[in-house]
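**Q** This is the structure, below, for whatever I ask next.
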Amino acid sequence: MSVVILGAGLAGLSLANYLKQKSTILEREARIGGLCRSFSFCGVRYDIGPHILFSRKKESLNRITSLLETNVIRRSNVIFHRNRFVKYPFENHLYALDKDEREYCLNEFLNNPYEKYDAKNMLQFFLKTFGEGITRLYLQPYNEKIWKFDPSFMDTQMVERIPKPPKEDIINSANGKPSEGYTHQLYFHYPKSGGIEHVIERFSSAARQKADIVNPVEIERIEKSKDGWSVLTDRGTFKGKDIVNCMPVHELFNYLDDVPARVRNALRNLKYNSIHIVAVLARNDSMGDNFVATFADKKLIFHRISKISFLGDSYRTGKGSVIIAEITYRKESHIGRMDRESIKRAVIEGLDSTGIVKKEDVLKTEIRSFEYAYVIYDLEHRRNTDMVLEYLSSRGIHSCGRFAEFEYLNMDAVVERAYSLARKLNGEA
């Protein structure tokens, strides 16, 4: 009997590729790929993000990049602060700040009253690691903006891997001698053409040699039988000896019966952000040779913009520049209740107010929205996630993928976890 995989995103497709046995992938959408889909706009492709390919582990990265041709690109990201660009990361380029802010950041880093304390939440981690100046000027407002959640109510899972910068680096940064931060991200890969969905195309092509992809399909119920699993759908019943969930865990529970109240309560308390992506074709822009700019200013609706032409020749158009803006939201929030035209207008007004794209230079816009975008690591995330996943495991349901495992996983980590799970199901680990 085959393995039944729920969801044809990156996790499901890479898992099917690494499995030795036959699998059946069930996907609700007419188009596979999940968060790794790309979309055409004015002759170029853009992503839900965009995504880039990098990893601390060469082997993990190679599992993806060996499948397709990529451009290897040197990072050029900036932070928009006080109407100027500060090179990313903020703490490595303090000399770009006004004198008062520069001294504020340096003095609070060197004389940090918080560094001896154990950090129990994200805000405490920033204060402990970077001091009050860098935290208050950038890290706190930016994280409040992207998460739409107070960082004092978020745990440290997202940030605990960030190293404390050496004192000499911060001193040099304030004196005009910058250094590169987060060097594992300094160079990244990106498909030469087709957007990040080209990765999906390659994984799906390989997976189809031994897997059936059924889409679009609506699941009606999932049942455990004596010899495996039955998934009842509007296109028939699919059976497998194993079942792997790669869809958002919130969706999976719609098809499970007899779930204990404590588990459903934990599921309800798993928080996440949705995202609007607004694509803008501009006659001119002032992004220069930079790829990404981030914005902590809460008067601007977007937290990040990306200039797609930075990614290579296939992402350029003779009509101007394509810039995508990202706006996180939750359904119950103010932005979640805004209509789509208002969101597009707010993006154009924000670009105009910063001077990055003048309103009269905007030629065309479009907006796309996606419910599942970012996992929120609130203070109860670990407890609630573990309870939900342990329950699924106790029923024999495997989980793989960002929203299936409810972890903020980059593409390399998703593929690595799919590879590890496939080895387990293959009997190799």
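**Q** State which residue is modelled with the highest pLDDT when the search covers only segment 178-200 and only residues that are out of contact with any Asp or Glu (no Cβ under 9 Å at 6 or more places or on another chain) and surrounded by fewer than 16 Cβ atoms within 10 Å (Cβ to Cβ).
**A** Only one residue fits best here, namely TYR187.
**Q** Further question on the same structure: Can you report the number of residues in segment 129-138 which are open to solvent by 20 Å² or more (accessible area, probe 1.4 Å) and within 22 Å of ASP118 (Cβ to Cβ)?
**A** The qualifying residues number 2.
**Q** Determine whether segment 370-377 contains at least one residue that is among the hydroxyl-bearing types (Ser, Thr, Tyr), in a helix (DSSP H, G or I) and modelled with pLDDT of 95 or more. It would help to see each step written out before you state the result.
**A** Taking segment 370-377 and keeping what is among the hydroxyl-bearing types (Ser, Thr, Tyr), we get 372, 374, 377.
Adding the requirement that they be in a helix (DSSP H, G or I) leaves none.
Within segment 370-377, not a single residue is among the hydroxyl-bearing types (Ser, Thr, Tyr), in a helix (DSSP H, G or I) and modelled with pLDDT of 95 or more.
**Q** Let me ask something else. Please indicate, with yes or no, whether at least one residue in segment 211-219 is within 28 Å of GLU326 (Cβ to Cβ) and not small (Gly, Ala, Ser). Give the derivation first.
**A** From segment 211-219, those within 28 Å of GLU326 (Cβ to Cβ) are 215-216; that's our starting set.
Pick out the ones that are also not small (Gly, Ala, Ser) and you get 215-216.
Within segment 211-219 (the criterion being within 28 Å of GLU326 (Cβ to Cβ) and not small (Gly, Ala, Ser)), the answer is yes, since at least one residue qualifies.
**Q** Please enumerate the residues belonging to segment 354-391 that are touching a strand residue (DSSP E or B) at 6+ places or on another chain (Cβ under 7 Å), farther than 24 Å from MET287 by Cβ and among the acidic types (Asp, Glu).
**A** GLU371, ASP378
**Q** Kindly indicate whether any position in segment 378-394 is more than 21 Å from the chain's Cα centre (by Cα) and open to solvent by less than 10 Å² (accessible area, probe 1.4 Å).
**A** yes
**Q** If you go through segment 170-192 one residue at a time, how many are of a type outside the set (Val, Ile, Thr) and either part of a loop (DSSP other than H, G, I, E, B) or free of Cβ contacts under 8 Å to residues at least 40 places away in the same chain (or both)?
**A** Residues of segment 170-192 of a type outside the set (Val, Ile, Thr): 172-182, 184-192.
Going one step further and asking which of them are either part of a loop (DSSP other than H, G, I, E, B) or free of Cβ contacts under 8 Å to residues at least 40 places away in the same chain (or both), we end up with 172, 175-182, 186, 192.
Within segment 170-192, residues that are of a type outside the set (Val, Ile, Thr) and either part of a loop (DSSP other than H, G, I, E, B) or free of Cβ contacts under 8 Å to residues at least 40 places away in the same chain (or both) number 11.
**Q** Within segment 208-224, can one find any residue that is part of a helix (DSSP H, G or I) and open to solvent by less than 30 Å² (accessible area, probe 1.4 Å)? Outline the logic, then answer.
**A** If we filter segment 208-224 for residues that are part of a helix (DSSP H, G or I), which is where we start, we get none.
No, because not a single residue in segment 208-224 is part of a helix (DSSP H, G or I) and open to solvent by less than 30 Å² (accessible area, probe 1.4 Å).
**Q** Would it be correct to say that THR354 is in contact (Cβ under 8 Å) with a residue 40 or more places away in the chain, open to solvent by 30 Å² or more (accessible area, probe 1.4 Å), farther than 27 Å from LEU409 by Cβ and of a type in the set (S, T, N, Q)?
**A** On the way: in contact (Cβ under 8 Å) with a residue 40 or more places away in the chain: yes; open to solvent by 30 Å² or more (accessible area, probe 1.4 Å): no; farther than 27 Å from LEU409 by Cβ: yes; of a type in the set (S, T, N, Q): yes.
Criteria not met by THR354.
**Q** Suppose we filter segment 1-38 for residues that are buried (at least 23 other Cβ atoms within 10 Å of the Cβ) and part of a helix (DSSP H, G or I); how many remain?
**A** Final tally of qualifying residues: 10.
**Q** Another one. Give just the number: which of (1) out of contact with any Pro (no Cβ under 8 Å at 6 or more places or on another chain); (2) surrounded by 14 or more Cβ atoms within 10 Å (Cβ to Cβ); (3) assigned to a helix (DSSP H, G or I) does ALA404 not satisfy?
**A** Answer for ALA404: the failing condition is (1).
**Q** While we're looking at this one, here's another question. Run down ARG382, ARG417, ARG423 and say which single residue is out of contact with any helix residue (DSSP H, G or I) (no Cβ under 8 Å at 6 or more places or on another chain) and in a helix (DSSP H, G or I).
**A** Every option except ARG382 fails the conditions.
**Q** Name the pairs whose Cβ atoms lie under 8 Å apart, with the first residue in segment 324-347 and under 16 Å from ARG368 (Cβ atoms), the second among the aromatic types (Phe, Trp, Tyr) and not in a helix (DSSP H, G or I), and 6 or more positions between them or separate chains?
**A** Partner pairs satisfying both residue conditions: ILE324/TYR46; ALA325/PHE302; GLU326/PHE302; ILE327/PHE302; THR328/TYR374; ILE335/TYR329; GLY336/TYR329; VAL347/PHE302.
**Q** Does VAL362 satisfy the criteria of being open to solvent by less than 10 Å² (accessible area, probe 1.4 Å) and among the aliphatic types (A, V, I, L, M)?
**A** Details: open to solvent by less than 10 Å² (accessible area, probe 1.4 Å): no; among the aliphatic types (A, V, I, L, M): yes.
Spelling it out, it is not the case that VAL362 is open to solvent by less than 10 Å² (accessible area, probe 1.4 Å) and among the aliphatic types (A, V, I, L, M).
The values are calculated or read from the model by the stated rules, or taken from the named source; none is laboratory data. It should be emphasised that the depicted structure is a prediction, and the values quoted were computed from it without experimental measurement. Virtual Cβ from ideal backbone geometry, glycine too; neighbours counted across all protein chains shown. Heads up: the accessible areas ignore ligands, DNA and RNA and are worked out on the full protein's heavy atoms, side chains in. Shrake-Rupley method; radii C 1.70, N 1.55, O 1.52, S 1.80 Å.
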